[in-house]
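Each reported figure results from applying straightforward, stated rules to the coordinates on display, with no laboratory input. Just so you know, these numbers come straight off a predicted model, no measurement behind them.
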Amino acid sequence: MTRSGKLWYVLSGSRGGARRAAMLEQLAEEPRNANQLATDLDIDYSTVRHHLDILVKHELAEIRTEEYGATYVLSTETERNWSEVEKIIQAVS
């Protein structure tokens, strides 16, 4: 799957894409842990964890620290292609 195809699939072609898009927007502002994302987006913690796992699996986000309260950041590839991510978010919003 192409990079663009992967972005479209994760952010619009699968259930929960809108939540993952919102999480990426938050991570673009600053690194956050799952609890911060849950609070900021008013989403259940376990739901946030599920979506973070998907973002990491598809290399859209990375874990900066592995210990308790792990912090997540955008992957380098996502940062590089942020304008494309924003276009997809606008298209599906």
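Return the whole-Å distance between the Cα centroid of region 1-52 and the Cα centroid of region 59-79.
12 Å
Grab the DSSP H runs of the chain that are 4 residues or longer, score each as -39,500 (n - 2.57), total them, divide by all residues and round the 222 nm result to the nearest 500 deg cm²/dmol. Each step should come with its number before you reach the end.
On the way: 6 runs with 56 residues, N = 93.
Theoretical 222 nm ellipticity from helices: -17000 deg cm²/dmol.
Pairs of alpha-carbon atoms within less than 8 angstrom and 6+ residues apart define the contacts here; what relative contact order does region 3-92 have, in percent? Write out the running numbers ahead of the final one.
Details: 98 pairs, mean separation 28.2, N = 90.
With pairs under 8 Å counted, the relative contact order is 31 percent.
Search the structure for amide H atoms under 5 Å from the amide H of Ala70, placed 1.01 Å from N in the peptide plane, and list their residues when 5 or more places away or on another chain.
The answer is none.
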